[in-house]
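The values are calculated or read from the model by the stated rules, or taken from the named source; none is laboratory data. Keep in mind that this is a model prediction, so the values were computed, not measured. As a convention, Cβ positions derive from the backbone with ideal geometry for all residues, glycine included, and neighbour counts pool all protein chains shown. With ligands, DNA and RNA removed, areas are computed over all heavy atoms of the protein, side chains included. Shrake-Rupley method; radii C 1.70, N 1.55, O 1.52, S 1.80 Å.
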Amino acid sequence: MSGFTGGEKLSLDGWTHAYSGKVRDLYVPAGETLESTPRVLVVASDRVSAFDHVLEPGIPGKGELLTTLSMWWFDQLGVPNHLREGDIPAEVQGKAMLVANLDMFPVECVVRGYLSGSGWLEYQESQSVCGIALPAGLQDGDKLPEPIYTPAWKAPFGEHDENITFERTVELVGLEDATALRDLSLLIFNRATELAAAKGIILADTKFEFGRDRESGVITLADEVLTSDSSRYWDAAAYAAGTTAAEKMTSFDKQIVRNWLSANWDKTGTPPVLPADIVERTADRYRELITRMLG
């Protein structure tokens, strides 16, 4: 398994760095391996990624903010998750989770309640998203008649994730597991949508990751969940009052970063350094979402 070579690789007593993804670093108990250990320490960094690139600089405090939000959501959802009890090293308190080491499914379980992002681009070409036909005449940011499950294949690091059909998911993991992943994703999305709506926030779309518990065999919610990095959150009042897509989709996520990159980079070569005001505005939106969601 090859990962992001720019991981922080902290020196944590009793733990060994095992892997770095785009925004998280994994540690295993000293003397154990990522393949064999039953538990893993997941440390959320301040790194930020967009369009499959890790950007510079990071977002100050991001790791702690998103860990706080994930932990809150895990507690709200009422489905099996990968959190486990145990001591967290003092150096990473607040931005680390002790979790079960699961056998992960090679599928990102995306659910969309609104048409946006890559879904909007695909709709303009085919009037469908991941093989799901949608009504004609929809615009960017429109609410869908009902939430749709639009999975993606999790590509190796450095490659682009690929939107796939449910039928392709069946080929990858089998009908029983593909169906369970779809149904569980929609269930969680609907629960989260209701909780967010009560706070005046729209959950436009999100992605979940699941693994199988090695001891019980239960399909288990893993990774981060419903964070500003894995979800599109919009302000419900702004959406209702907005007359343009930009006004309606006032976001609490890293859309600020995506928008700036789209306007200032052709997506070839190394992405440009993020300006200080983009970093600050993104951090402010992350903090505002947590303040509103957690009260």
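Please report, in debye to the nearest 20, how large the charge dipole of the chain is about its Cα centre when each Lys and Arg carries +1 at its beta carbon and each Asp and Glu carries -1 there.
Details: 27 positive and 44 negative charges, 106 e Å.
Computed about the Cα centre, the dipole is about 500 debye.
Based on DSSP H runs of at least 4 residues, each adding -39500 (n - 2.57), what is the mean residue ellipticity at 222 nm of the chain after dividing by all its residues, to the nearest 500 deg cm²/dmol? Write down the numbers at each step before the final one.
Details: 8 runs with 96 residues, N = 295.
Value at 222 nm, helices only: -10000 deg cm²/dmol.
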TODO: Report the residue, chosen from Arg212, Arg258, Arg232, that carries the largest GNM mean-square fluctuation when the chain is represented by alpha-carbon nodes joined by springs under 10 Å.
DONE: Arg258
Task: Distance in nm between pseudo-label sites at Asp161 and Asp277 (7 Å out along the Cβ direction from Cα) - done: 3.1
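Here are some pairs, Lys22/Lys248; Lys22/Lys207; Lys95/Lys248; which of them have Cα atoms lying more than 23 Å apart in this structure? Mind showing how you got there, number by number?
Details: Lys22/Lys248 30 Å; Lys22/Lys207 16 Å; Lys95/Lys248 32 Å.
The answer is Lys22/Lys248; Lys95/Lys248.
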Open item on the list: Testing the spin-label approximation: label points 7 Å from Cα along Cα→Cβ at Thr244 and Leu172. State their distance in nm.
Closed with: 3.6
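Between Lys199 and Arg214, what is 0.36 nm times their sequence separation minus the Cα-Cα distance? Round to one decimal in nm.
Once the chain is fully extended between Lys199 and Arg214, it gains 1.8 nm.
For the stretch 200-295, which GluC sites (Glu not before Pro) pass both filters: DSSP loop (anything but H, G, I, E, B) and at most 15 other C-beta atoms within 10 Å?
Loop-located and lightly packed - Glu215.
Suppose every K and R has +1 on its Cβ and every D and E has -1 on its Cβ; what is the size of the dipole of the stretch 1-159 about the Cα centre, in Debye to the nearest 20? Don't jump to the answer; show the numbers that get you there.
Values: 11 positive and 21 negative charges, 16 e Å.
Its charge dipole is roughly 80 debye.
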- [ ] Could you compute the FRET efficiency for Ala30 and Glu56, with r as their C-beta to C-beta distance and R0 at 30 Å, rounded to 0.05?
- [x] 0.45
Task: the chain: most fluctuating residue of Pro38, Pro145, Pro80 per GNM, C-alpha cutoff 10 Å - done: Pro145
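Using only alpha carbons, build the gyration tensor for the stretch 83-192 and give me the equivalent ellipsoid semi-axes, biggest first, whole Å.
Details: eigenvalues 186, 61, 42 Å².
Output for the stretch 83-192: semi-axes of 31, 17, 15 Å.
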Open item on the list: So, taking all protein chains as they sit and a 1.4 Å probe, how much accessible area belongs to Thr268, in Å² rounded to tens?
Closed with: 90
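What do you get for Rg/Rh over the chain if you use C-alpha atoms and the Kirkwood form of Rh?
Numbers: Rg = 18.7 Å, Rh = 19.9 Å.
When Rh is taken as the Kirkwood radius, the ratio is 0.94.
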Open item on the list: Please list Lys207, Lys9, Lys267 from largest to smallest accessible area, probe radius 1.4 Å, with all protein chains kept in place.
Closed with: Lys9, Lys267, Lys207
Task: Distance histogram in 10 Å bins (all Cα pairs of the stretch 171-283, percent per bin) - done: 12, 31, 29, 22, 6, 0
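What does the charge dipole of the stretch 52-131 about its Cα centre add up to, to the nearest 20 debye, if the Cβ of each Lys and Arg holds +1 and the Cβ of each Asp and Glu holds -1? Each step should come with its number before you reach the end.
Details: 4 positive and 11 negative charges, 39 e Å.
Dipole about the Cα centre, nearest 20: 180 debye.
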- [ ] Under a 10 Å cutoff between Cα atoms, tell me which one of Thr282, Thr179, Thr150 has the largest fluctuation in the Gaussian network model of the chain.
- [x] Thr179
Open item on the list: Give me, ordered by chain and number, the residues 5 or more places off Asp205 or on other chains with an amide H under 5 Å from its own placed amide H.
Closed with: Gly113, Arg232
Task: Per residue value of the accessible surface for the chain (all protein chains in place, 1.4 Å probe), Å² - done: 46
Open item on the list: So if I take the centroid of the Cα atoms in the stretch 273-288 and the same for the stretch 225-249, what is the distance between those two points in Å?
Closed with: 16
- [ ] Report ³J(HN,Hα) in whole Hz for each residue of the stretch 63-75, in order, from the Karplus equation J = 6.51 cos²θ - 1.76 cosθ + 1.60 where θ = phi - 60°; Gly and Pro get x.
- [x] x, 6, 4, 6, 5, 4, 5, 4, 4, 5, 5, 4, 6
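Given 0.36 nm per residue, what is the gain on full extension from Thr291 to Ser118 after removing their alpha carbon distance, in nm?
Extra length available between Thr291 and Ser118 comes to 59.4 nm.
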